[in-house]
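One structure is given here, and the rest of the page talks about it.
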Amino acid sequence: MEITDFKQLLTEEFGEDVVLSIDENATPKALVVDATKIQAICLFLRDHENSFFDMLSCLTAIDNGPEANTMEVIYNLYSIPHEHSLMLKTVIDRESSEIDSVESVWRTADWHEREAYDLLGVNFKGHPDLRRILMAADWEGHPLRQDYVEPETYRGMKTIREEGDPS
Amino acid sequence: MSTIEYKYKPGNLNASAPAFYKEENLKREEMVINIGPQHPSTHGVLRLEVVTDGEIVVDLVPHLGYLHRCFEKHAQSVPFNQAIPFVDRLDYVAAMNSEHAFVMGIEKMLGIENDIPKRVEYIRVLVAELNRIASHFVAIGTYGLDIGAFTPFLWVMRDREHIQRLLEWISGARMLYNYIWVGGLFYDLPVGFEEKCLEFINYLKPKLVELDDVLINNKIFVERTANIGVLPRNLAINYGVTGPVLRGSGLKYDLRRVDGYSVYPELDFDIPVGKGEMGQTGDCWDRTFVRVQEVKESVKIIEQCLEKLTKEHKRTRDFDPRAMVPKKIRPKAQDFYARAENSKGELGFFFRTDGRSDIPVRCKARACSFSNLSVLAEITRGHMVADMIAIIGSIDFVMGEVDR
């Protein structure tokens with residue numbers, strides 16, 4: 001299926017304004033979709049017999065910085081029987097950075113979303129267990145945000161090693 | 001030298017490694033056991049919080065992150081070619097495969113993937129398959145060790161040593177190679193390598209028959225692993241499980257064939273899948289069986305590569321494997337998802353480039369072990385604690401890739 005076919009599938013189901021734009025430049029080609037309907041879109045794309053995206057390969061988030069004031073959550077879908085792939089992009093507000101969880105659609109999203117929450121601070125609504133996964137539970141800040149400043153100490157220990165410091 | 005202040009409070013331990021289960025969540029007769037961070041069956045640093053009722057595992061919560069080295073943050077602060085040594089450290093027992101995946105992704109982004117000389121491509125596949133055998137040998141050998149079989153472990157480690165020596169001869173390092181570069185290789189194969197490699201392959205083939213006898217068809221081994229930790233196919237796909245774990249569940253899904261990258265379409269090999277010969281499809285035995293079969297397929301691939309490298313794409317005096325290495329890596333502005341079949345499954349890299357610099361704006365590694373590990377709790381519930389160890393070993397995750 002071509003990228004326009006996927007767009008048509010989505011617009012038939014959810015109306016004209018669900019697909020904001022098509023990114024032909026991306027590999028695989030991407031659809032920019034409405035972030036508020038992401039869970040329904042994913043469920044529809046997984047179950048529809050023409051798309052049948054049964055595998056979520058990758059879920060990642062990108063912080064565009066305080067000036068743009070947006071974040072993006074990107075889904076890479078793959079269909080094993082049809083052997084086609086699709087990238088879904090969503091743009092969310094950076095302040096609240098909220099998006100629906102797709103953990104109920106693909107269970108693998110559970111840990112991927114926890115990682116995106118841990119490193120970028122995206123709040124996935126409806127996630128059953130949104131805890132930090134890679135960093136320590138009491139770590140402050142989300143390290144992959146553009147305006148992240150590394151704390152100087154962590155529980156009284158220096159986080160940056162100075163020149164000539166053997167510790 | 002300044003002294004380190006470490007204000008220890010009893011609550012500190014709870015804060016750094018909190019438990020998911022509190023004492024009041026537990027039912028009568030249940031208790032929480034911590035397994036790890038260091039345990040022989042977890043190949044790396046992983047803490048498992050296990051709720052048990054007698055010897056039955058009621059629930060299991062993996063706690064990871066002990067090995068987190070901020071790969072993504074590092075990769076976003078150095079040029080693409082300088083990130084290759086970091087990629088080695090993702091899956092440190094199969095570094096060549098990770099390098100191959102990463103480098104291929106960048107070459108596709110640059111649009112030079114069809115300009116790579118064939119000799120370079122065959123050398124890449126050769127070293128990647130050698131490393132795949134080494135990685136599977138670690139998995140099979142230590143799995144036998146988890147179950148209680150010591151001899152197969154020593155045998156496969158002996159054979160793996162030969163591979164490591166070959167790869168050390170190529171690149172100068174035993175485990176972390178930095179051998180595959182964007183657009184080429186660090187160096188051509190050393191003189192006489194093809195002959196030595198063929199010698200090793202001929203040595204290895206009878207050893208694999210021995211391995212079948214001593215481990216895979218061993219009655220004790222079958223008893224310990226058949227019908228344990230059964231992973232149904234639809235659950236595996238839903239959890240994003242790939243590699244030998246998914247193929248053990250009976251799905252013929254291998255990116256070397258599905259995507260047909262590099263020179264794999266020109267090579268003749270099968271994709272082994274678990275058929276449930278000793279129990280149900282997708283149990284621990286099937287996963288180990290698939291790995292052993294894959295080693296045999298890799299041997300076939302290496303033989304064909306050596307054939308090509310000594311006949312069609314011979315070493316010539318003026319061949320330079322670095323001829324295509326670009327001076328500046330500057331892909332156009334785009335989002336790119338590249339993937340390849342690592343020894344443990346689908347290793348994907350997501351790049352966002354801005355078209356101006358050779359440093360990616362975002363580099364995310366979709367690691368296979370990360371997804372494979374997430375299915376652990378699902379297939380362990382209801383089994384004995386001893387079987388849990390067997391299930392952990394059969395998934396074969398490397399924590400360097402889980403934590404990144």
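The values are calculated or read from the model by the stated rules, or taken from the named source; none is laboratory data. The model shown is predicted, which means the values in this text are computed figures rather than measured ones. Backbone-built Cβ (ideal geometry, glycine too); neighbour counts: all protein chains shown. Quick note on the areas: whole protein, heavy atoms, side chains included, nothing else; ligands and nucleic acids left out. Shrake-Rupley method; radii C 1.70, N 1.55, O 1.52, S 1.80 Å.
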May I ask you to list pairs of residues, at least six apart or on different chains, whose Cβ atoms are under 8 Å apart, with the first in the range A:81-98 being at positive phi and in a loop (DSSP other than H, G, I, E, B) and the second being surrounded by 14 or more Cβ atoms within 10 Å (Cβ to Cβ) and among the polar types (S, T, N, Q)? A:SER97/A:ASN123
Quick check on the range B:295-305. Is at least one of its residues in contact (Cβ under 8 Å) with a residue 24 or more places away in the chain and part of a loop (DSSP other than H, G, I, E, B)? no
When residues of the range A:137-164 are limited to those that are more than 7 Å from chain B (Cβ to nearest Cβ) and open to solvent by less than 60 Å² (accessible area, probe 1.4 Å), the one modelled with the lowest pLDDT: A:THR159
Which count do you get for residues in the range B:206-244 that are touching a residue at least 24 places away in the same chain (Cβ under 8 Å), more than 14 Å from every other protein chain (Cβ to nearest Cβ) and part of a helix (DSSP H, G or I)? 14
Would you confirm whether any residue within the range A:111-119 is under 28 Å from B:TYR253 (Cβ atoms) and among the aromatic types (Phe, Trp, Tyr)? yes
Would it be correct to say that A:ASP63 is among the charged types (D, E, K, R), touching a residue at least 40 places away in the same chain (Cβ under 8 Å) and open to solvent by less than 10 Å² (accessible area, probe 1.4 Å)? yes
Picking from B:GLY382, B:GLY355, B:GLY393, which residue would you name as being of a type outside the set (Phe, Trp, Tyr) and crowded, with 24+ Cβ neighbours inside 10 Å? B:GLY393
Which residues, counting only those in the range B:155-184, are part of a loop (DSSP other than H, G, I, E, B) and on the phi < 0 side of the Ramachandran plot? B:ALA173, B:ARG174, B:MET175, B:LEU176, B:TYR177, B:TYR179, B:VAL182
Of the conditions (1) outside any loop (DSSP other than H, G, I, E, B); (2) over 24 Å from B:ALA367 (Cβ atoms); (3) not polar (S, T, N, Q), A:PRO151 clears all except one; give me its number. (1)
Working only within the range A:108-123, note down all residues that are more than 10 Å from every other protein chain (Cβ to nearest Cβ) and either touching a Cys at 6+ places or on another chain (Cβ under 8 Å) or open to solvent by 10 Å² or more (accessible area, probe 1.4 Å) (or both). A:TYR117, A:ASN123
Exactly one of B:VAL398, B:VAL361, B:VAL375 is under 15 Å from the mean Cα position of the chain (by Cα), under 22 Å from B:SER98 (Cβ atoms) and among the β-branched types (Val, Ile, Thr), and that residue is B:VAL398
Yes or no: the range B:335-347 includes at least one residue that is within 13 Å of chain A (Cβ to nearest Cβ) and over 20 Å from B:GLY105 (Cα atoms). no
Result of the Cβ filter at 8 Å on the range A:124-136, keeping first residues that are more than 8 Å from chain B (Cβ to nearest Cβ) and at positive phi and partners that are small (Gly, Ala, Ser) and crowded, with 17+ Cβ neighbours inside 10 Å, at least 6 apart or interchain, is A:GLY126/A:SER101
What is the number of the single condition among (1) in contact (Cβ under 8 Å) with a residue 24 or more places away in the chain; (2) of a type in the set (D, E, K, R); (3) under 30 Å from A:LEU88 (Cβ atoms) that B:ASP387 does not meet? (3)
Which one is nearest to the other protein chains (Cβ to nearest Cβ), of the residues in the range A:86-107 that are polar (S, T, N, Q) and either closer than 19 Å to A:LEU43 by Cβ or open to solvent by less than 30 Å² (accessible area, probe 1.4 Å) (or both)? A:SER104
Just for the range B:358-373: of the residues that are more than 10 Å from every other protein chain (Cβ to nearest Cβ) and open to solvent by 10 Å² or more (accessible area, probe 1.4 Å), which one is modelled with the lowest pLDDT? B:ASP358
Any chance the range B:307-325 includes a residue that's modelled with pLDDT of 85 or more and open to solvent by less than 10 Å² (accessible area, probe 1.4 Å)? yes
In the set B:ARG287, B:ARG247, the lone residue that is more than 14 Å from chain A (Cβ to nearest Cβ), in a helix (DSSP H, G or I) and crowded, with 20+ Cβ neighbours inside 10 Å is B:ARG287
Which number in (1) open to solvent by 10 Å² or more (accessible area, probe 1.4 Å); (2) within 14 Å of chain A (Cβ to nearest Cβ) marks the one condition that B:LEU376 misses? (1)
